[in-house]
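The structure under discussion appears below in the form of structure tokens.
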């Protein structure tokens, strides 16, 4: 197949970056079943976009649908700005990528997708609770979770450093075969164990690196930690619950943990923890396999010692932050039926397998029944290094903001209320009660707006 790649502006009068446009010249208008334009997230993994392009163009050729794909970067939130511009103008792509809370934001101009979602659920079982929380609005699916760009942020540890300085064998605890996981061993991987090991690693000169800024990496891991301690900020009935023993216990713990992190973590963006691990100085981060993938290129000796595995367990369970992406169909799309058929096609397990392989295991489907795909077992070095990336065993997914109503949760997340609380208490040395009172006022504000 010969495809022609050109460059054009995404929107008129827009300063958004130019995007790759793919046109299928073999589709002849006289026989075509219309056309579809896709605006999708520009993958950071080299070659990953090609896998999606292949799936989409093959489907278009078979169904005689002319396809155009724009790959839109998330740098500077350009993908979100594009979606906002199209929603306001009532014109643009037929199918659009949406990250985190964007389905909630644009729900009024998104086509209901219950037929697609229900078909997939019938095939593959329940969708992740986090994806349902973000994509199903007032009982109606407005977005279909896609594996492309979707992620969780579990622990990535240095095998050698944990063995030498903390006496913990993370490979033995979480081997690349869930059937061999020993509950007696995995139950020892708790937040108390994590603190003890972090203190030893800090003393040895290889601290853990946990971001505490206001970007998603920080908000997600702290949200999962809070969940494991039973912290609730606002419940589903709009009750503010932050003033609790669970909150106090969690913050007191974090005061100890953040003391053995490098001090710059309070200013890190989402690349900070990646750089920390790749540099060879860091012993543990909470992240998708992106840091490991870059280390393969830039610092292979570090990559060879990386092992991704579940998060530590807290008093209320083991939780990992999840950040799914979605595809939505605009209500102003002129070819909704074809758009739905395409979404169903690229959401099949056979299609997902190609996307996961092309992303070296980074892309994560929202169906647990797909976690048996071979990529996570075979990717190396070392072999099985990202097997523990999909949530396995007793690890559950979490989204900071839940269980509050999605429109309230979005405000809490975007304001990073959880990490600001931690920064005030751990870095600013504000009194615990004052920090909780500050949070209560912020939460009252989200309910008012």
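The percentage of C-alpha pairs in the range 226-305 whose separation is greater than 17 Å is 59%.
Which distance in nm do the two modelled labels at residue 304 and residue 215 give, with both placed 7 Å along the Cα-to-Cβ direction? Result for the modelled spin labels: 3.0 nm.
For the range 44-153, the Cα-based Rg and Dmax, in that order, read 14.7, 40 Å. When the square roots of the Cα gyration tensor eigenvalues are ordered a ≥ b ≥ c, the ratio a/c for the range 250-374 is 1.5 or more and a/b exceeds b/c, which makes its shape prolate. If one computes P(r) from the Cα atoms of the range 293-449, what percent of pairs lie at distances over 24 Å? Pairs farther apart than 24 Å: 57 percent.
Here the range 348-410 is described by how far its Cα atoms reach on the three principal axes: 41, 24, 18 Å, from widest to narrowest. Our note on the geometry: Cα centres of the range 253-274 and the range 356-420, 21 Å apart. Direction-averaged projected area, Cα convex hull, the chain: 21.2 nm², rounded to one decimal. Here the calculated FRET efficiency for residue 281 and residue 61, from their Cβ-Cβ distance with R0 = 56 Å, stands at 0.70, rounded to the nearest 0.05. Cα convex hull of the range 55-114: mean projected area in nm², to one decimal? Dividing the Cα hull surface by four gives the mean projection, 5.2 nm².
Where a ≥ b ≥ c are the square roots of the eigenvalues of the C-alpha gyration tensor, would you call the range 88-138 rounded, which needs a/c under 1.5, or, failing that, prolate if a/b is larger than b/c, or oblate?
Prolate shape, in that a/c is at least 1.5 and a/b is the bigger ratio.
Taken along the Cα-to-beta-carbon direction at a fixed 7 Å, the label points for residue 178 and residue 239 span 3.4 nm. Overall, the ratio between the Cα radius of gyration of the range 140-259 and 2.2 N^0.38 Å, rounded to two decimals, is 1.27. Normalise the Debye intensity by I(0) for the range 387-449, one equal point scatterer per Cα, no solvent, then take log10 at q = 0.12 Å⁻¹ and round to two decimals. Each listed q corresponds, in turn, to -0.41.
The distance from the alpha carbon centre of the range 47-101 to that of the range 283-316 is 30 Å, rounded to a whole number.
Over the chain, DSSP H runs of length four or greater, each weighted -39,500 (n - 2.57), average out per residue to a 222 nm ellipticity of -11500 deg cm²/dmol.
Take each peptide in 305-313, 164-172, count the other Cβ atoms within 10 Å of every residue, and average; sorted highest first, the result is 305-313, 164-172.
Against the main long axis of the alpha-carbon atoms of the chain, helix 349-358 sits at an angle near 70°. Compactness ratio for the range 306-360: Cα radius of gyration over 2.2 N^0.38 Å (N = residue count) comes to 1.72. A crude spin-label estimate for the pair residue 394 and residue 77, with each label 7 Å from Cα along the Cβ direction, gives 3.9 nm.
No value in this document is a laboratory result; all are computed from the given coordinates. Owing to the predicted nature of the structure, the values given are computational and were not obtained by experimental measurement. For neighbour counting, all protein chains shown are included, and Cβ atoms are generated from backbone atoms with ideal geometry for every residue, glycine included.
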